[in-house]
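Student: This is the structure I want to talk about, given as structure tokens.
The values are calculated or read from the model by the stated rules, or taken from the named source; none is laboratory data. Model, not experiment: these values are computed from the prediction. Please note: Cβ atoms are built from the backbone with ideal geometry, for glycine as well, and neighbour counts cover all protein chains shown. Areas reflect the complete protein model, heavy atoms only, side chains present, ligands, DNA and RNA absent. Shrake-Rupley method; radii C 1.70, N 1.55, O 1.52, S 1.80 Å.
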Amino acid sequence: MDAITFRFLMSLAASQNLEMYLMDVVTAYLYGSLENEIYMKIPEGLKMPEDLKSKAKEICSVRLQRSLYGLKQSGRMWYNRLSEYLLSKDYVNNAICPCVFIKKSSSGFVIIAVYVDDLNMIGTQKEIDDARTHMKEEFEMKDLGKTKFCLGLQIEHFQDGIFVHQSNYTKRVLKRFYMDKATPLSTPMVNRSLDVEKDPFRPCEDNEEVLGPEVPYMSAIGGLMYLANCTRPDIAFATNLLARYSSSPTRRHWNGIKHIFRYLQGSIDLGLFYPKNSKCVLVGFADAGYLSDPHKARSQTGYVFTIGGTAVSWRSQKQTLVATSSNYAETIALHEACRECVWLRSMTHHIQESSGIVTEKEPTKIFEDNSACVTQLKEGYIKSDRTKHIPPRFFSYTQELQKNQEVDIEYIRSSDNAADLFTKALPTTVFKKHVHSIGMRRLQNL
């Protein structure tokens with residue numbers, strides 16, 4: 001189960017007022033049956049058969065019938081074993097989200113979201129109790145009660161919604177890098193200069209010293225990326241930008257890392273809040289930062305999708321093509337957002353339909369702040385001296401989705417486009433506005 005699916009399930013639990021329970025399978029990998037012949041050396045303590053006692057253990061081996069921890073195929077064998085059992089109990093599964101199993105009954109439904117040996121059960125109380133019972137009959141389980149901590153995420157259940165954050169993890173990261181007593185800052189990144197030579201995040205220059213292994217640059221990037229991918233979209237752009245210099249970081253880049261840490265120090269309890277009884281409607285925002293990397297003439301793609309006003313999917317990524325205009329960059333960003341939207345629609349529709357939740361089939365609105373780009377995609381490819389070099393595939397795919405009423409591209413002002421958060425460094429006021437608009441809240445304010 002990926003993080004996006006898990007966030008959607010939390011938003012679904014909040015909007016439909018469902019229960020969430022967590023179970024853990026004890027020694028899960030040992031349940032898998034092997035399909036191939038695998039032999040291992042005789043481990044210490046194993047008694048040899050009578051007819052082999054005269055032979056040395058070194059020349060003997062045993063054939064495995066079950067998977068063990070450490071085998072490459074153990075994870076797959078465990079998934080096959082669990083999947084076979086759940087399907088025999090009338091659960092349904094789909095390749096769109098293969099780690100989500102759904103069972104519907106006349107009185108309700110239960111969704112089992114699997115992450116290795118952690119099973120999150122979301123649904124109505126009676127169906128969850130039944131699922132817990134038949135899982136205990138087949139496997140040795142630990143019943144952890146209501147989901148409060150899973151995959152490093154802390155989940156708080158309030159009367160008006162579900163709040164997910166990583167306060168404990170953030171504190172550990174800050175303490176590991178000796179930033180737990182640093183002075184807090186209001187944004188994760190300084191405003192960048194338009195002058196290429198004065199840009200604090202320019203690549204390493206010839207006269208600059210590259211930081212050695214004594215500076216844990218890559219370790220810091222890894223810690224920040226886990227936060228940015230799970231519950232902290234507000235640091236996604238800054239982390240993506242600084243991750244580019246992992247192979248040759250300088251003191252300037254390390255100062256950028258510490259700037260993010262100082263921002264985290266002042267917003268430790270910031271997370272995503274999924275309100276109860278909200279409309280489960282998917283809405284997208286797309287944007288591009290033209291020449292965000294002026295040193296290699298690359299722009300930045302940014303998009304975010306919200307359900308009930310809170311983010312469930314986002315991305316901040318440097319484009320692989322050289323865009324020759326802001327219109328070109330925005331077209332690429334919108335193309336990427338539409339690709340993500342197709343999968344999100346498939347995943348959410350499958351889960352809701354299999355659970356018996358009634359939803360209206362409407363095109364997903366994706367907001368874009370480049371009016372020329374919106375016009376071109378709505379009225380068709382317009383060939384001119386400024387657009388004739390843009391590959392038609394960037395127009396055709398999005399136009400086909402609009403024609404099939406899967407997406408609806410609409411214009412929005414730049415000041416209201418939440419995707420701005422993922423393409424550039426923003427002033428404090430604008431930054432806080434966008435952070436609030438994607439459903440991020442402080443635990444102390446709930």
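Student: Quick check: at a probe of 1.4 Å, how many percent of the accessible area of the stretch 50-136 sits on carbon and sulfur atoms?
Tutor: After summing per-atom areas, the C and S share lands at 51 percent.
Student: Shifting gears a bit: With a point put 7 Å past each Cα toward its Cβ, work out how far residue 24 is from residue 137 in nm, to one decimal.
Tutor: 2.6 nm
Student: Related question: Under 26 Å between C-alpha atoms is the cut-off here; go through the stretch 1-104 and count lysine pairs that meet it, provided they're at least eight residues apart or on different chains.
Tutor: Within the stretch 1-104, the lysine pair count is 9.
Student: Mind checking which aspartates and glutamates have their C-alpha under 18 Å from residue 388, skipping anything on the same chain fewer than 8 residues away?
Tutor: Straight-line reach from residue 388, under 18 Å: 330, 379.
Student: Starting from 0.36 nm per residue, how many nanometres of slack lie between residue 414 and residue 251 once their C-alpha separation is accounted for?
Tutor: This chain segment gains 55.3 nm when fully extended.
Student: Residue by residue through the stretch 364-377, which ³J(HN,Hα) values in whole Hz follow from phi under the Karplus form 6.51 cos²θ - 1.76 cosθ + 1.60 (θ = phi - 60°), with glycine and proline marked x?
Tutor: 7, 7, 10, 8, 9, 9, 9, 5, 5, 5, 4, 4, 4, 6
Student: Oh, and also: Treat each spin label as a single point 7 Å out from the Cα along the C-beta direction, and report the residue 95 to residue 229 distance in nm.
Tutor: About 2.4 nm, to one decimal.
Student: Give me the base-10 log of I(q)/I(0) for the chain at each q in 0.05, 0.10, 0.11 Å⁻¹, Debye formula, one uniform scatterer per Cα, rounded to two decimals.
Tutor: -0.23, -0.84, -0.98
Student: Share of the stretch 313-380's accessible area from carbon and sulfur, percent, 1.4 Å?
Tutor: Ligands and nucleic acids excluded, carbon and sulfur reach 45 percent.
Student: Under a no-solvent Debye model with one identical scatterer per Cα of the stretch 9-127, what's log10 I(q)/I(0) at q = 0.23 Å⁻¹?
Tutor: Listed by q, the Debye log ratios stand at -1.31.
Student: Something else about it: Residue separation times 0.36 nm, minus the C-alpha to C-alpha distance between residue 157 and residue 87: what's the value?
Tutor: 22.2 nm is the gain from fully extending residue 157 to residue 87.
Student: Running a GNM on the chain with Cα contacts under 10 Å, which residue among 216, 363, 49 ends up with the highest mean-square fluctuation?
Tutor: Residue with maximal mean-square fluctuation among 216, 363, 49: 49.
Student: Quick one: Kirkwood hydrodynamic radius for the stretch 294-384, alpha-carbon pairs, angstrom, one decimal?
Tutor: Across the stretch 294-384, the inverse of the average 1/r is 15.1 Å.
Student: Further question: Heavy atoms only, probe 1.4 angstrom, no DNA, RNA or ligands counted: give me 41, 296 ranked by accessible area, highest first.
Tutor: 41, 296
Student: Quote the accessible area belonging to residue 39 in square angstrom, nearest 10, computed with a 1.4 Å probe and with ligands, DNA and RNA left uncounted.
Tutor: Here the accessible area works out near 130 Å².
Student: Another one. If amide hydrogens are placed 1.01 Å from N in the peptide plane, which non-local residues have theirs closer than 5 Å to the one on residue 408?
Tutor: Counting only residues 5 or more places away or on other chains, the set is 364, 365, 366.
Student: Looking at the square roots a ≥ b ≥ c of the eigenvalues of the Cα gyration tensor of the stretch 177-333, which shape do they give, rounded for a/c under 1.5, prolate if a/b is larger than b/c, or oblate?
Tutor: oblate
Student: List the lysines whose Cα sits under 24 Å from the Cα of residue 424, skipping any in the same chain fewer than 8 residues away.
Tutor: Result set, ordered by chain and number: 198, 258, 296, 318, 365, 432, 433.
Student: Ignoring any ligand, DNA or RNA, what whole percent of the accessible area of the stretch 167-266 comes from carbon and sulfur when the probe is 1.4 angstrom?
Tutor: Carbon-and-sulfur percentage of accessible area, whole number: 53.
Student: Can you work out D for the stretch 278-445 in µm² s⁻¹ from Stokes-Einstein, where Rh is the Kirkwood radius over C-alpha pairs, the temperature is 4 °C and the viscosity is 1.567 mPa s?
Tutor: 78 µm²/s
Student: Which distance in nm do the two modelled labels at residue 146 and residue 175 give, with both placed 7 Å along the Cα-to-Cβ direction?
Tutor: The two pseudo-label positions are separated by 2.6 nm.
Student: Here's a follow-up. Quickly estimate the mean residue ellipticity at 222 nm for the chain, helices only: each DSSP H run with n ≥ 4 gives -39500 (n - 2.57), and the total goes over all residues, rounded to 500.
Tutor: Mean residue ellipticity at 222 nm (helix-derived): -10500 deg cm²/dmol.
Student: Please calculate how many Å² of accessible area the chain carries per residue, with a 1.4 Å probe and no DNA, RNA or ligand atoms counted.
Tutor: 49 Å²
Student: Given R₀ = 60 Å, FRET efficiency for residue 258-residue 53 by Cβ-Cβ distance, to 0.05?
Tutor: Given R0 = 60 Å and the Cβ-Cβ separation, E is 0.40.
Student: Suppose we look only past 17 Å in the calculated P(r) of the stretch 167-266. What percent of the Cα-Cα pairs does that tail hold?
Tutor: The calculated P(r) of the stretch 167-266 puts 49 percent of pairs beyond 17 Å.
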